[in-house]
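The next block holds one structure in the form of structure tokens; read it before the comments.
The values are calculated or read from the model by the stated rules, or taken from the named source; none is laboratory data. Just so it is clear, the model here is predicted, and its values are computed rather than measured. Heads up, the Cβs are rebuilt from the backbone with ideal geometry, glycines too, and the neighbour counts pull from every protein chain shown. In case anyone asks, the SASA skips ligands and DNA or RNA and just uses the protein heavy atoms, side chains included. Shrake-Rupley method; radii C 1.70, N 1.55, O 1.52, S 1.80 Å.
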Amino acid sequence: MDNLKGAALMVLAMLGFAVEDALIKLMAGALPTWQIILVLGCGGSLVFALLTVLRGQKLLDRRFLTVPILIRNLSEMLGIVGFVTALSLIPLATASAILQAAPLLVTLGAALFLGEPVGWKRWSAILVGFAGVMLILRPGLDGFDANALFAVMGVVGLAARDVAVRRVPAEISSVQLSYLGFLAALPAAAILAAVTDLPYVAPPPWLWAALLATVGLGVFAYYCIVAASRIGEVAFVTPFRYSRMVFALAIGMVLFAERPDTLMMLGTTLIIASGLFTLWRERKHRRSA
């Protein structure tokens, strides 16, 4: 029963993230990307700063300057700039499909930089997943859209963040890391504003409502992920992360009139199948260890 509750919470979290992505895409036509990132960073960091204080934990700590946390925060900056930019330029389903390659990149990064053992079966799964990404990107073909590389930039940043967090001191809580992650969005927004040189846009009431809803959905989805991981077995609930792709496809079709083609669907299937296989192999490896 606990596993089912955990799975339901994970699916609810993925729905929250998918709706958040759709709101970002809607706002991207009216606001510069840096401004959206700035509001997300301000709202999220304030919420998690409050939660950190309520738990009696520090907002400033010298341990925040350790190398793993610095790498994590820089990766967060790269990830949020890449993914939010991608949402503003390419179909929602395409950006979400490329994002599903994150677990494969985490496995790759853990093997290359942390020395974690990865057998030939998981290496094969990683290659199959990357083949799926290539089918979606289609480099050298007529359907290639260079803007999709922003999604690749985003997934590389988010995967690097998840690799770095494995070396973060255990004394640093998840809430503190979330606070630092949202805080990292502020310099990212400043750098993006300087590079793009796009002026600030005064949002009308409906845009302010959308911005606040986006922040609220992000915090809500994060809470659901944490709750899902605590209630159910991680190995059982983690595969339900891929439900985000289902929601992204449905929202893209209904809200943005997106129509994924055969190569897009085949690439997505390869990414998800290889990701699920990798999760299964990791679970089997832990049990045997």
_ARG167 being surrounded by 14 or more Cβ atoms within 10 Å (Cβ to Cβ) and in contact with a Pro (Cβ under 7 Å, 6 or more places away or on another chain)_ = yes
Subset of segment 231-258, residues open to solvent by 50 Å² or more (accessible area, probe 1.4 Å), closer than 22 Å to SER178 by Cβ and more than 20 Å from the chain's Cα centre (by Cα), comes to ILE231
Selection over segment 130-153 where residues are touching a residue at least 24 places away in the same chain (Cβ under 8 Å) and either touching a His at 6+ places or on another chain (Cβ under 9 Å) or farther than 16 Å from ILE271 by Cβ (or both) yields a count of 5
- Query: Does LEU74 fit the bill of being surrounded by fewer than 23 Cβ atoms within 10 Å (Cβ to Cβ), touching a helix residue (DSSP H, G or I) at 6+ places or on another chain (Cβ under 8 Å), in contact (Cβ under 8 Å) with a residue 12 or more places away in the chain and more than 22 Å from GLY216 (Cα to Cα)?
  - Reply: yes
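When you scan segment 216-232, do you find a residue that is β-branched (Val, Ile, Thr) and closer than 18 Å to LEU135 by Cα, even just one?
No, the conditions are met nowhere in segment 216-232.
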Only one of LEU60, LEU31, LEU4 is in a helix (DSSP H, G or I) and not aromatic (Phe, Trp, Tyr), namely LEU4
Within segment 212-230, restricting to residues that are hydroxyl-bearing (Ser, Thr, Tyr) and under 30 Å from MET264 (Cα atoms), the one that is surrounded by the most Cβ atoms within 10 Å (Cβ to Cβ) is THR214
Please determine whether any residue of segment 72-81 is outside any helix (DSSP H, G or I) and modelled with pLDDT of 90 or more.
no
Subset of segment 97-120, residues among the small types (Gly, Ala, Ser), touching a residue at least 40 places away in the same chain (Cβ under 8 Å) and not in a helix (DSSP H, G or I), comes to ALA101, GLY119
Out of (1) open to solvent by 60 Å² or more (accessible area, probe 1.4 Å); (2) more than 11 Å from TYR179 (Cβ to Cβ); (3) touching a residue at least 24 places away in the same chain (Cβ under 8 Å), the one ILE90 does not meet is (1)
If we keep only residues of segment 71-121 that are of a type in the set (Ser, Thr, Tyr) and more than 15 Å from ALA148 (Cβ to Cβ), then the residue nearest to the chain's Cα centre (by Cα) is SER75
Of the residues in segment 173-211 that are within 23 Å of SER75 (Cα to Cα) and in contact with a Pro (Cβ under 9 Å, 6 or more places away or on another chain), the one that is most open to solvent (accessible area, probe 1.4 Å) is THR196
Those residues of segment 16-40 which are among the small types (Gly, Ala, Ser) and in contact (Cβ under 8 Å) with a residue 60 or more places away in the chain amount to GLY16, ALA18, ALA22, ALA28, ALA30
Residue check, VAL47 part of a helix (DSSP H, G or I) and at pLDDT 95 or above:
no
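Name the residue, out of PRO91, PRO32, that is farther than 23 Å from ARG166 by Cβ, of a type outside the set (A, V, I, L, M, F, W, C) and touching an Asp or Glu at 6+ places or on another chain (Cβ under 9 Å).
PRO91
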Looking across segment 108-142 at residues that are surrounded by fewer than 17 Cβ atoms within 10 Å (Cβ to Cβ) and charged (D, E, K, R), the single one that is nearest to ARG161 (Cα to Cα) is GLU116
